[in-house]
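First up is the structure itself, then whatever we jot down about it.
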Amino acid sequence: MNNRLKTILKFVVFLGVGLFIFYYLFKNFETAYLEDCTLKGIPEAECSLLDKIISDFKSVKVIWIIAILIAYMVSNLMRALRWNQMFEPMGYQPRVINTLGSLMIGYFTNLAFPRIGELIKTGTLSRYENIPFEKVIGTVVVDRILDILGLLVVIGMALVLSFGTFKDYFAQNFVAPSQSTLVLLGVVVVGGLIGLFVLNRILQSGKFTSPLLLKIRNLWEGFKDGLTSLKKVKNIPLLIFYTVGIWVMYYLMTYLCFFAFAPTAHLGMVAGLVVFVFGTLGMVFPSPGGMGSYHLLISQALIIYGINGADAFSFSNIIFFAINVFGNILIGIFFFILLPIINRPRLVRQNHSA
């Protein structure tokens, strides 16, 4: 099976699972909505969840959606500036427009092919800034490590501020992993680290003449340059500022959306943090844009705070489509068109010098 077919197969599988979750949620909320209508004496013919969602979209306060998109783009600009910091120790100074554009093209690609966007943004920046691919991918890994650390901090804050809420939810919805599962996970992590250590020692020794191993060593060295770029960053306080700023903007995207939709306008900042954490965890599932899993966890978090299922489902769709349609799709297409135009002179010079 070739790589293209594997990519298409993964896309179809994850899209299918995401759509199934979305459809399952819709049917469950539709059933509850019809039951609520029956209790209120509203005829079933006048009680359509789809009509309600459409009506809810029409009722959204556009000014808050604009504020959400501004916060989203500020977070992306900060991520681009932080990414550029990692290239400085390696002697590269990418233009911010290329770094930001590569990010947005990557997000746009992820909507069609989940996780492939990481490679696309890497290849895009590598091409337009003439930086070796393996060095760029190393910085992407560092970027993801920083994201994981940031997520852990945010989860910790949410746990401290609303411990009872989380405790009740996980007690009702999840089973604690067994001791054998935790041991197996530990073995896998330790084994992986040992494997990387051994690989590094073998490649560092240089005691081989195989062209393939020499190529692997060059790729590994480039990857390590990118991976170790974090400890060589000149302005660590600025990097921390960008990292904190990214997560503050992410949080604001959820919190500000409360005010765009009447049923959630009364929710406070702690509720915003909890809903944000649930939504972020929903994005981990590799369906297009978190389709289905994002809706599920956002809705579950809002239900915890007393929002009925139909309104919670509407809110999850409002924020999902606002970010993906107006943010990732439109801005992604914009940069997809713009970057080749502004980089054409540089590419022509590179081709001539080659």
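Can you work out ³J(HN,Hα) from phi for every residue in the range 152-165, in order, using Karplus 6.51 cos²θ - 1.76 cosθ + 1.60 and θ = phi - 60°, giving whole Hz and x for Gly and Pro?
Taking θ as phi minus 60°, the curve returns 4, 5, 5, 4, x, 4, 5, 5, 5, 7, 9, 4, x, 4 Hz for the range 152-165.
Quick check on the exposure proxy: order His295, His266 from fewest to most C-beta atoms within 10 angstrom.
Least to most surrounded, the residues fall as His266, His295.
Could you run the Karplus curve 6.51 cos²θ - 1.76 cosθ + 1.60 with θ = phi - 60° over the range 67-77 and give me ³J(HN,Hα) per residue in whole Hz, x for Gly and Pro?
Residue by residue, the range 67-77 yields 4, 4, 5, 5, 4, 5, 6, 5, 4, 5, 5 Hz.
For the range 267-274, take each phi angle, set θ = phi - 60°, evaluate the Karplus expression 6.51 cos²θ - 1.76 cosθ + 1.60, and give the result in whole Hz per residue in order, putting x for glycine and proline.
Running phi through 6.51 cos²θ - 1.76 cosθ + 1.60 with θ = phi - 60° gives 5, x, 5, 5, 4, x, 5, 5 Hz.
Any chance you could run the full-extension gain for Leu119 through Leu152? It's 0.36 nm times the residue separation minus the Cα-Cα distance, nm to one decimal. Write out the running numbers ahead of the final one.
Values: separation 33, 0.36 × 33 = 11.88 nm, distance 2.46 nm.
Stretched out fully, the Leu119 to Leu152 stretch lengthens by 9.4 nm.
Arrange Val74, Val62 by Cβ neighbour counts within 10 Å, fewest through most, would you?
Val62, Val74
For Ile97, what charge total do you get from the other residues with a beta carbon under 13 Å from its beta carbon, if Lys and Arg give +1 and Asp and Glu give -1?
+1
So what's the net charge close to Phe336: Lys and Arg +1, Asp and Glu -1, counting the other residues with Cβ under 15 Å from its Cβ?
Overall, the nearby charge balance is +3.
By counting other Cβ atoms within 10 Å of each Cβ, how are Trp83, Trp64 ranked from fewest to most?
Trp64, Trp83
Quick note: the coordinates plus some simple rules give every number you see, no bench work behind them. Just so it is clear, the structure is predicted and the values come from calculations on it, not from any experiment. No Cβ is skipped: glycine too gets one built from the backbone with ideal geometry, and neighbour counts run over all protein chains shown.
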